[in-house]
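Engineer: Below: one structure in structure tokens.
The values are calculated or read from the model by the stated rules, or taken from the named source; none is laboratory data. What you see is a predicted model, and the numbers here were worked out from it, not measured in a lab. Here the Cβ is made from the backbone with ideal geometry for all residues, glycine too, and neighbour counts use every protein chain on show.
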Amino acid sequence: MRNSELSKMEVGSVIDLRRKAKLRLLQMHYESGVGHLGGNLSALDILLCLYHFILRRDDLFVLSKGHGAGALYVALWSTGALTDDDLQQFHKDGTRLSGHPPAVGIPEIVFATGSLGHGLGLACGLALGKKLKGEPGRVFCLTSDGEWNEGSCWESLIFLTHHRLDNLILIVDCNGLQGFGTTREVANLEPLIEKFRAFGIDALEIDGHAMENLHAAVAECHSGPLAIVARTVKGCGVSFMENQMEWHYLPLNAQQYEQARNEVQQACVMSSADR
Amino acid sequence: MRDVFCRSLVSQTVDPRLVFLTGDLGFKALEPLRDALRERFINAGVAEQNMVSVAAGLAKLGLRPWVYSIAPFVYARPFEQIRNDVCMHKLPVVLVGNGGGYGYGVMGSTHHALEDYGCLLTLPNLRVFAPAFDEDVSAIIPLLMQVDDPAYLRLGMAERPAECAIPAYACWRRLIKGDGPTLVVIGPLAGGLLRVASGLSQARCPDLWLVTELPMQALPEGLLESIRRSRHLVVVEEHTAAGGLGQMLSYRLAWMGHAPHRFSHYHAHGYVSGLFGSQRFHRAESGLDPDAIVASTCNE
């Protein structure tokens, strides 16, 4: 499917998909009393786009920013791989749905992650393995931006460019905030895209909340490796969370949850009206 | 052991699942393996964290990756990758550490591996193989191609006494039967101990046992009988006391109700004088000299 086709034919279903997923994410985190919402809301559109419009049967995906597990679980729920009952167990005792993706129990999750700087190396191994075995399919890896403080990410970048892993696509969720400051304050790597290019990898920058842009970037990539710098907003879609560092950590109270729900509903009504 | 390791692994290269990753080491040693494996031999560069994650990815697809470096660079530097990416997923990645213990001698403390299997055995699913003789390496490598768990292979310099027969490979072996103390050793120090023991009378000769795989499999009945008889267990290892064989074995025996009357433990003490030298120098500083061990434990 081409970009124009996605934007014309599926924009209605994209709005609906985004609304349902975002509301379910808010509900899951609210009911479980769990934070990490900011980074989940920055990654959610990327994950929905991957699972609904990009990943094919032979493709594999590694969520390197394991703290985006909530968004991953909701994306898997939106495809039917997880149920409402599963999501209700999020963060509870005896759950399969731990705060970071688990090693066992969910077949769609290839690797447990959570400590940053592992996912890209794992994705390199999967991509190299596919090539050595002559298997079809691509490997996608989503990292955070703060994660690129980790030296192991750069080790993996050297490896994937040197070995020309043309079946690997790296996406960076650049929401500009990390654990205890903005990415510019803590360890400024901007312009990140230029650093990727300097390592010899094709790189492009997109709006990470415009699914048609991510879809088009992947569709137009005939041979990787490719790095996609996805500019996103931490807490996207909830006014009091957007670009606020504390929403890396805070759970919602009842009043905040209600406001967040209303804003998501309202945004979708407005998007539909714009069509 | 490195040459026999290379030769043995070359004989496994017919298995298309075998992939070998090196952290930029193996010059004048691993060239035959490189030539046999071609695109399945990967120099991953001086980047051990990535190398272990890549190996986990390969193993996830059903391949059999071996990851090679100087011992500390393969277990200490990428410890979290071993823990999270390999062990938590129970993937059949073989970590190969060359130069167990003080193997790299005067190269210095950064190149020594004094706490390798102790650290690694805290991780889930991982098995350690510490061969004592070159023949053990030849036996272990086909075994490792069949093991479905993560594994660590600790290579060193074999010291087999030419005149002594060695029993066929097993995880527990009695190297020589004597009426002296029960002596349990892991790794190449076994060679020196066997050499010294074989020159002793039956009465003074230790009952010398070699263990090669950790965690220990069931203790042989002959070993338990020996400890009951001798009432003195001596454990020898080129590894720190913390997390070492001595702790594992004494714990197991206490738990089984077979605690020995007397327990002696010869192990690595780090850098006693603060000076550096050969593997022999460091062993001697830690009291790991086979002649001295036998002299002090087998003279009653």
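Engineer: Residues that are without any contact (Cβ under 8 Å) to a residue 24 or more places away in the chain, surrounded by 15 or more Cβ atoms within 10 Å (Cβ to Cβ), among the small types (Gly, Ala, Ser) and under 29 Å from residue A:16 (Cα atoms): does segment A:237-244 have at least one?
Structural biologist: no
Matching residues to (1) more than 23 Å from the chain's Cα centre (by Cα); (2) farther than 21 Å from residue B:155 by Cβ:
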| site | (1), (2) |
| --- | --- |
| B:174 | no, yes |
| B:185 | no, no |
| B:191 | no, no |
| B:194 | no, no |
| B:200 | yes, yes |
| B:203 | yes, yes |
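Engineer: Select the helices (runs of 4 or more DSSP H) contained entirely in segment B:13-101, then report the ones holding at least 2 residues which are without any contact (Cβ under 8 Å) to a residue 60 or more places away in the chain, of a type in the set (Phe, Trp, Tyr) and surrounded by fewer than 22 Cβ atoms within 10 Å (Cβ to Cβ).
Structural biologist: none
Engineer: Follow-up. Could you go through segment B:217-224 and let me know if any residue there is of a type outside the set (S, T, N, Q) and buried (at least 23 other Cβ atoms within 10 Å of the Cβ).
Structural biologist: No: zero hits.
Engineer: Out of the residues in segment A:180-199 meeting the condition of being in contact (Cβ under 8 Å) with a residue 24 or more places away in the chain and loosely packed, with under 14 Cβ neighbours inside 10 Å, tell me which one is nearest to residue B:47 (Cα to Cα).
Structural biologist: Ranking the candidates gives A:187 first.
Engineer: Continuing with this model, one more query. Would you pick out the residues in segment B:10-39 that are facing chain A (nearest Cβ under 10 Å) and within 20 Å of residue B:85 (Cβ to Cβ)? Even if it seems obvious, please write down each step before you answer.
Structural biologist: The first filter runs over segment B:10-39 and keeps only residues facing chain A (nearest Cβ under 10 Å), leaving B:16-17, B:19, B:21, B:39.
Within segment B:10-39, B:17, B:19, B:21 meet the criteria.
Engineer: Moving to a separate point now. Please find, within segment A:138-156, the residue that is farthest from the other protein chains (Cβ to nearest Cβ) out of those that are touching a strand residue (DSSP E or B) at 6+ places or on another chain (Cβ under 8 Å) and farther than 15 Å from residue A:65 by Cα.
Structural biologist: A:138
Engineer: Residues that are under 20 Å from the mean Cα position of the chain (by Cα): list the helices (runs of 4 or more DSSP H) wholly contained in segment A:141-241 that include at least 3 such residues.
Structural biologist: A:151-162, A:192-198, A:211-219
Engineer: Do the conditions hold for residue A:56, that is, is it at pLDDT 95 or above and out of contact with any helix residue (DSSP H, G or I) (no Cβ under 9 Å at 6 or more places or on another chain)?
Structural biologist: Details: at pLDDT 95 or above: yes; out of contact with any helix residue (DSSP H, G or I) (no Cβ under 9 Å at 6 or more places or on another chain): yes.
Yes, satisfied.
Engineer: Counting only residues that are touching a Lys or Arg at 6+ places or on another chain (Cβ under 8 Å) and in a helix (DSSP H, G or I), which one in segment B:106-128 is farthest from the other protein chains (Cβ to nearest Cβ)?
Structural biologist: Of everything passing the filter in segment B:106-128, B:117 is farthest from the other protein chains (Cβ to nearest Cβ).
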